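What follows is a single structure, written as structure tokens, with notes after it.
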Amino acid sequence: MIGQKFLLNSFDNMVKSACLPKFIILIGADGSGKKLIANHIANKSKLPLCEYGISVDSVRDLIRDVYKITTPLIYLLSGVDTMSVAAKNTLLKVTEEPAKMATIIVTATDLSGVPNTVRSRGQVFYMDPYEPDELVDFAKSKYDVTDEDEYIIRSVCNNPGDVLKLFSTADGAQGFYSFVTKVLDNIASVSGANALKISSSIRLKDTDENKYDLTLFWRAFMSVCANKLMSGEDPLKYQQAIQITTKSSQELRIKGINKQSAFDVWVLNIRKVWC
Amino acid sequence: MELSTLKLNIQTKDFKDFYIFTGLEIEVLRRYILQIAKVSGSDIKNLDSITELAKFSHTRSVLKNKSILVIRESKEFIQDDSLRTKITQKNAFSDYILIFIYTTLDKRSKVYKNYQDYIVEFNLLNEDVLTKYILKDIDLSENNCKRLINICENSYGRILLEIDKIQNYACVKSISSNQAFTDLVAQNIIYIPPEDAVFDFVHAVLTNRKSQAFSLLKESYDSGEATMVLLANLYSSAKSLYQVQTVSSTSNICQSTGLTPFQVKLATSRKGIYKSTDLLRFMELTRNAEKGIKTGEIEETQAVPYILVNFW
């Protein structure tokens, strides 16, 4: 695992001194390595790791199982901040009365999505941010990385998950970046219908394959706009674009938001200020 | 698994232990099951639930004839991993061919990911294929064929029902099939799906016909239409209109806009009536209403009136 030295060291020490918390809450962005940390804890403790879903029925199954086991086990629940209210309330039971043999690790991208009642019963750990060099090393360990790719990774990626998404399409990082610059250069000059068709290359549904990740796309778009802004080229235009894109990316945090319409409105707003 | 592979299985009589059939084209799916039964010399047993499978497990037929066991929309098969593993293991039901039928299957589910070699998708047929099938059964003009296909939303099963209506009506009234079709549509005996009604609603809003807009809105609420579904339809209708109106090349609108032929047809019929700025404003208002419902800023029942009031 790359990075996270402080967090890994903390957990190693806790395991060594047999004071690992019974209920661990890991907070970090998608792709930051929360599951890897959970696997690491399980390996260090020499215990198996069982993963459960976050539906109400899965949490009920978890509660039924934790009180029955006779050998220590580590349980993992991923994405607890996206659980339904009923599932969160069901989870309270196992956090209020911790099982002797079970250590429960829950992961979330946003601590505010974890109810206070659950939060107060666990110990919260935050994933450390990744250094750009660490991400480049990670990319080099998996892919053939050129200097241009390295520049793109440093501009756009925040964690190993982002690196994986960047290289997940057939044309790789450079294809992705040239798509972003092409959109930036042409979004205001093409017809409305063609502008809205940009979304066909963006991954807006979980089942879309070989398409560019939306968050990465917007981040790259803002990065290119920021470069143009700093070079003094039409600063108002690019500043407005950054504002519009920032606002649109924040909307992705709303649970159940329609990504297609969010992207369409972003396209229309950019065209409004640039046309 | 491709449909061609299933056809090959039928031709060579080399069937898998189980299949998962999914898709909206129910009639073609049904005919494939009948064909499998015919070729394999099996009878078809429709089971009410997956629990009934237990009585067929590890049994042997004296007659050595396979049976087809059909289970529809079984939630247990999708959700229960251990049950699914038991059912799908080799020789669990050696004298039977299991067919699980689902109208839709979540592509993110474990079933979809792990059983791709057993899943056959029966998607709706395209216009050309359906026209050929229609003309085999009934003598309709090309325009009427296209219209029938659009009305039935490319569902072959529904087309067959409507053909039956047309044939009976034509026979009783002693008129041609084309005339019968026109009469049945005019009398609303052939049901036109609500997508036209959504375009009518968008048309009423964009042309400032307030009473018609509210009347259509009331109709959609009375028919039990969910607000989010209505908002999604309104948004996609306005977007289709905008895309068709602003497309640079009219030679292949479907490819240029990514819309289906049906959406292009509906939007093209109203091309040039609305200002692009009005369409954009309508799209933004619809989107803001949808976002407002999800963030709790707008009450769901007030979302569509909110759009109308802000638009006018």
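The values are calculated or read from the model by the stated rules, or taken from the named source; none is laboratory data. It should be emphasised that the depicted structure is a prediction, and the values quoted were computed from it without experimental measurement. Virtual Cβ from ideal backbone geometry, glycine too; neighbours counted across all protein chains shown. Heads up: the accessible areas ignore ligands, DNA and RNA and are worked out on the full protein's heavy atoms, side chains in. Shrake-Rupley method; radii C 1.70, N 1.55, O 1.52, S 1.80 Å.
Worth pointing out:
- Rolling a 1.4 Å probe over the protein heavy atoms of the protein assembly as shown, with every protein chain left in place, gives an accessible area that is 50 percent carbon and sulfur.
- Helix runs (DSSP H) in chain A reaching 18 Å along axis by Cα, Kyte-Doolittle at least -0.5: A:172-186, A:214-230, A:259-274
- The sum of -39500 (n - 2.57) across all DSSP H runs of n ≥ 4, divided by the residue count of chain B, sets its helix-only mean residue ellipticity at 222 nm to -17500 deg cm²/dmol.
- Shape of the protein assembly as shown, Cα gyration tensor, a/c cut at 1.5: oblate
- Members of region A:254-271 that become less accessible by 20 Å² or more once partner protein chains are added (1.4 angstrom probe, chain alone as reference): A:254, A:256, A:257, A:258, A:261, A:264, A:265, A:268
- In the context of the full set of protein chains, region B:66-194 has a per residue accessible area of 54 Å² (1.4 Å probe).
- Cα centroid separation, region A:82-147 to region A:212-268 (Å): 27 Å
- Protection proxy ranking of A:26-37, B:95-106, A:48-59, by the mean of other Cβ atoms within 10 Å over each peptide's residues and highest first, is A:26-37, B:95-106, A:48-59.
- Cα gyration tensor, region B:126-187 - rounded (a/c under 1.5), prolate or oblate: prolate
- Rounded to 10°, Cα long-axis angle of helix B:227-246 versus longest principal axis of chain B: 70 degrees
- Note that region B:200-209 has calculated 3J(HN,Hα) couplings of 4, 5, 4, 4, 4, 5, 6, 9, 6, 8 Hz, one per residue in order, obtained from phi through the Karplus relation 6.51 cos²θ - 1.76 cosθ + 1.60 (θ = phi - 60°); glycine and proline are x.
- Model label sites at residue A:51 and residue A:243, defined 7 Å from Cα along the beta-carbon direction, differ in position by 4.3 nm.
- For the protein assembly as shown, with +1 on Lys and Arg beta carbons and -1 on Asp and Glu, the positive-most of B:242, A:177, A:11 along the dipole: A:11
- Counts of other chain beta carbons within 10 angstrom of each beta carbon in peptide A:191-204 average 4.
- Kirkwood-type radius of chain B, with distances r between different C-alpha atoms, in Å: 23.1 Å
- The calculated FRET efficiency for the pair residue A:254 and residue B:5, based on their C-beta separation and a Förster distance of 25 Å, comes to about 0.05.
- The distance separating the Cα centre of region B:1-47 from that of region B:107-155 comes to 17 Å.
- Here each label is just a point 7 Å from Cα along the line to Cβ, and for residue B:277 and residue A:131 those points are 5.5 nm apart.
- Relative contact order [Cα under 8 Å, 6+ residues apart], region A:63-157, whole percent: 29 percent
- Axis of helix B:3-12 versus longest Cα principal axis of chain B: the two differ by about 20°, to the nearest ten degrees.
- Interface area, B with A, accessible, probe 1.4 Å, both sides summed, Å² nearest 100: 1800 Å²
- Region A:116-147: chymotrypsin sites (Phe, Trp or Tyr not before Pro) in DSSP coil with no more than 16 other Cβ atoms inside 10 Å: A:143
- For residue A:61, neighbours were defined as the other residues whose beta-carbon sits under 14 Å from its Cβ, and their charges (Lys and Arg +1, Asp and Glu -1) total -1.
- Here each label is just a point 7 Å from Cα along the line to Cβ, and for residue B:164 and residue B:12 those points are 3.7 nm apart.
- Here residue A:89 and residue B:142 are evaluated by their C-beta separation; at R0 = 56 Å the FRET efficiency comes out at 0.40.
- FRET efficiency for residue A:144 and residue B:106, using Cβ-Cβ distance with R0 set to 41 Å, rounded to 0.05: 0.70
- Net charge of neighbours whose Cβ lies under 11 Å from the Cβ of residue A:207, counting Lys and Arg as +1 and Asp and Glu as -1: +2
- Other-chain or far-sequence residues with amide H under 5 Å of residue A:124's (modelled H): A:25
- Inter-chain shielding of A:206-213 (mean C-beta neighbours from other protein chains, 10 Å cut-off): 1
- Nearest 10 degrees, 0 to 90: helix B:26-40 Cα axis against chain B principal axis: 10 degrees
- The Cβ shell under 12 Å around residue B:157 holds other residues with a net charge of -2, Lys and Arg each +1, Asp and Glu each -1.
- The phi torsions of region B:99-112, fed into the Karplus equation with coefficients 6.51, -1.76 and 1.60 and a -60° offset, translate into couplings of 10, 9, 10, 9, 5, 9, 10, 5, 6, 8, 6, 5, 4, 4 Hz, rounded to whole numbers, with Gly and Pro shown as x.
- 222 nm mean residue ellipticity, helices alone, for chain A (DSSP H n ≥ 4; -39,500 (n - 2.57); rounded to 500): -16500 deg cm²/dmol
- Put simply, the amide H of residue B:98, placed in the peptide plane, has neighbours under 5 Å in B:18, B:19, B:69, leaving out anything fewer than 5 places away on its chain.
- Taking every alpha-carbon pair under 8 Å whose residues sit at least 6 apart, chain A reaches a relative contact order of 17 percent.
- Derived scalar couplings ³J(HN,Hα) [region B:113-120; Karplus, 6.51 cos²θ - 1.76 cosθ + 1.60; whole Hz; x for Gly, Pro]: 6, 8, 10, 4, 6, 10, 8, 10
- Here the contact order of chain B, divided by its residue count and restricted to Cα pairs under 8 Å and six or more residues apart, works out to 14 percent.
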